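Here the structure comes first, spelled out in structure tokens, and everything after it is commentary.
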Amino acid sequence: MADHAAALPGAHPRPRHPPVRLAVQGEVGVVARPRLGGGSEVLRVAVPLGGAAPQVSDPQPTAAIYDLAPYGTEVLAATDTGVQRLNAAGLPDPATTISALGTARYDRLWTGAPGGRLLAAWRSDVGTGLGPQPLRVWNGASTAANSAATVTTFTDLRDLTFTPDGYLYALSATTLTRADTLLGLQSGTWNAAPLPATFTGARSVTWVVPPEAP
């Protein structure tokens, strides 16, 4: 997205849920934030051709959105009734619910590298009393109901990244777990195992490409 600043209309914060989320797709940014009275509201920020000032939509009320993630040429939303694509107005469209992930609530979404088809989804256990929750991965192709694969269950999952060599790394507050996405999606054998390192209050994880030798 081009380097522009846009002032957003005042928010009406609501404790705990749903959170504020942001996703950027090309020259369009989507912000989901808590709405007074419940649910979320969405603002769409678009940069017109020619570098003119960003255009910000009025806040649009919608059902609660717990996370947003760019996916291919689309933006996906985690809602109480599954993962849904956003329509042209930036709102979740129930008619586009990804059937492979079912119609259960998810709180976090993670996508692979640009152009990748993998999507991970997880329901948070924090403050819910639900216990460890399954991390599910969709291959971008299966359409049968609830056909997305389950890697393993996690407690207090903080972040996740897919790496170019076919692994995913899932981070909790204290542990980094590696799983084999290629083998897992082919045979169901993920070989998920924590790496020999301990963290304290870890928040995020990513991968970097080392520079080539001259």
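The values are calculated or read from the model by the stated rules, or taken from the named source; none is laboratory data. Owing to the predicted nature of the structure, the values given are computational and were not obtained by experimental measurement. Glycine gets a Cβ as well: all are built from the backbone with ideal geometry, and neighbour counts include every protein chain shown. Please note that ligands, DNA and RNA were not included when accessible areas were found on the heavy atoms of the full protein model with its side chains. Shrake-Rupley method; radii C 1.70, N 1.55, O 1.52, S 1.80 Å.
Overview of values
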| read-out | value |
| --- | --- |
| FRET E, pair ALA213, LEU182, Förster distance 22 Å, beta-carbon r, rounded to 0.05 | 0.20 |
| Cut-off 11 Å (backbone N to label point 7 Å along Cα→Cβ of GLN60), residues of region 86-110 | 86-93 |
| Within the accessible area of the chain (1.4 Å probe), percent carbon and sulfur | 56 |
| Shape call, region 125-198: gyration tensor on alpha carbons, a/c limit 1.5 | oblate |
| Segment THR73-VAL205, length gained on full extension (0.36 nm per residue, minus Cα span) | 45.1 nm |
| The chain, helix-only ellipticity at 222 nm - DSSP H runs n ≥ 4, -39,500 (n - 2.57), divided by all residues, nearest 500 | -1000 deg cm²/dmol |
| Average Cα contact separation per residue, region 13-88, under 8 Å, 6 or more apart, as relative contact order % | 25 |
| Environment charge of ALA23, counting only residues whose C-beta is closer than 14 Å and scoring Lys/Arg +1, Asp/Glu -1 | +2 |
| Computed magnitude of the charge dipole of the chain (debye, nearest 20; Cβ of K, R +1, Cβ of D, E -1) | 440 |
